[in-house]
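Okay, so here's the structure we're looking at.
The values are calculated or read from the model by the stated rules, or taken from the named source; none is laboratory data. Since we're looking at a predicted model, the values are computed, not measured. Counting neighbours? That spans all protein chains shown, and the Cβs are built from the backbone with ideal geometry, glycine included.
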Amino acid sequence: MRLGGKLRKRASGYRLLQLFVGSEGTLGIITEVIVKLVPLPRCRATAMVGFATVEEAGEAVSRSLAAGHFPTAIEILDRGSLELVRDKLPPGFEPNLQAVLIVEQDGNDEEFVRLDLMRMVEVLDGADNRIAQSSLERDKLWDARRSYGKVLMAMPKNFFAEDVAVPIAEIPEMIRRVQALARQTGLRIVTVGHAGDGNLHPTILFTDEQRHLVSHAAAQIFRDALSLGGSVSAEHGLGALKRDFAEREHGPIAIELMRKMKAVLDPDGILNPHKIFPEQPATDEFLNAMPGWMPNPNRRPRRAELGL
C-alpha cells in the first residue's frame, strides 16, 4: 500500500495513514517515508517563570492558554527535578520555588514574538521571572531542562522514566499524586513534562534494594493518570509494558475493534507480537501485580524515553 503523499489536503476514505503511524510495527512494515520540511522560525524568545507551588504553575498554564497565548513550548519542572539541575538554573534564582515553567515563543516577526512572550509572562504571574535578552541567555535558560536526562544518566542510582498524559487542568493534581506516592513508597520520584499538552514524565529514582517497589509505583502512576481522564502513554506507546492498561483506558469495545483490525492486516500475528493488547483480564489485582516486567537497573533509556 502507498498511503498519504505530497498533497496538502485529502478527504477521501478512512485515515489509513494515521492508523499505521504510531501502530508500533504491529500492522505493517514501513519501507518508505515522505517527510514535510518545515522552515525554522527566524526569531525565538524564551522565559523562565518560577512558582511558589505546583498548583500555581498549573493554573498559570491554563490561564495563559485561555487568554489566547499559544507558545511553541511550555515545559514544567517540579521541585524534585529542580534539585537535580540546580547548578543549571540562572544565578540568584529563587531556591525555594516548587515549580518552574520554561516558556518559548517563535515566529518570523521579532517584535511580535518578543511582545507576545512578555504578555504571556505577565499573565503567568510567577514569583521569579527571567526573560532571555540574547540567544546565549536563551540557551542558558534551556540548560536546566535539556540537561535533565544527562543528569539522570550520570547518577549512581537507577532510574525509570515514565510517560503519561492528563488534561492540562489536572497537571497540579497529577504531580500532587506522584509526590504522595513518593512519600508512601519511600522512592524518590521527580517530574518534568510538556505542560502545554498535559504530557508528564514522572521519573522514579531507586536503589537496588528498592527495585521491587518500582513496578507497583509505576502501576499507580498509570491508574492515577487514567482516573484523571488521561492516558498511560502520551508519546512512546503501549508495548509490552502498558498493554494490560489498554482496555481500562479505551474500553472493551474499542480494544475488540483494534484486535479485528490487527487480525485483518496481520492474520498470522507475526508483526511485533504480544504488544498493544492485554493478554489477561485487567482486574485491579492483576494490574497491582504488574507481572512480566521489571525495570533493568543496568539499562539506560534512550533519549526519546526521557522526553527530551
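For segment 149-176, the candidate set comprises residues that are among the aliphatic types (A, V, I, L, M) and more than 14 Å from the chain's Cα centre (by Cα); within that set, the residue that is surrounded by the most Cβ atoms within 10 Å (Cβ to Cβ) is L152.
Within segment 56-76, residues that are outside any loop (DSSP other than H, G, I, E, B) have Cβ atoms under 7 Å from residues that are charged (D, E, K, R) in these pairs: A60/D125; A73/E104; E75/R145, counting only partners at least 6 apart in sequence or on another chain. Among the residues of segment 174-201, the ones that are touching a Gly at 6+ places or on another chain (Cβ under 8 Å) and either of a type in the set (D, E, K, R) or under 21 Å from A246 (Cα atoms) (or both) come to 6 in all.
Screening segment 195-279 for helices (runs of 4 or more DSSP H) wholly inside it with 2 or more residues that are closer than 21 Å to P167 by Cβ and either hydrophobic (A, V, I, L, M, F, W, C) or at pLDDT below 95 (or both) returns the ranges 211-227, 246-250.
Tell me which residues, restricted to segment 67-97, are aliphatic (A, V, I, L, M) and surrounded by fewer than 16 Cβ atoms within 10 Å (Cβ to Cβ). The answer is A67, and nothing else.
Among all positions in segment 158-179, there is no residue which is of a type in the set (V, I, T), in the same structural domain as A47 (by TED's automatic domain parsing), assigned to a helix (DSSP H, G or I) and closer than 23 Å to F93 by Cβ. Considering only residues that are closer than 30 Å to H274 by Cα, surrounded by fewer than 16 Cβ atoms within 10 Å (Cβ to Cβ) and not acidic (D, E), which ones fall in segment 26-66? Listed by number, the residues that qualify are G28, I29, I30, T31, V33, I34, V35. Based on what the data block shows, is R188 closer than 20 Å to A99 by Cβ, basic (K, R) and out of contact with any Asp or Glu (no Cβ under 7 Å at 6 or more places or on another chain)? Yes: the conditions hold for R188.
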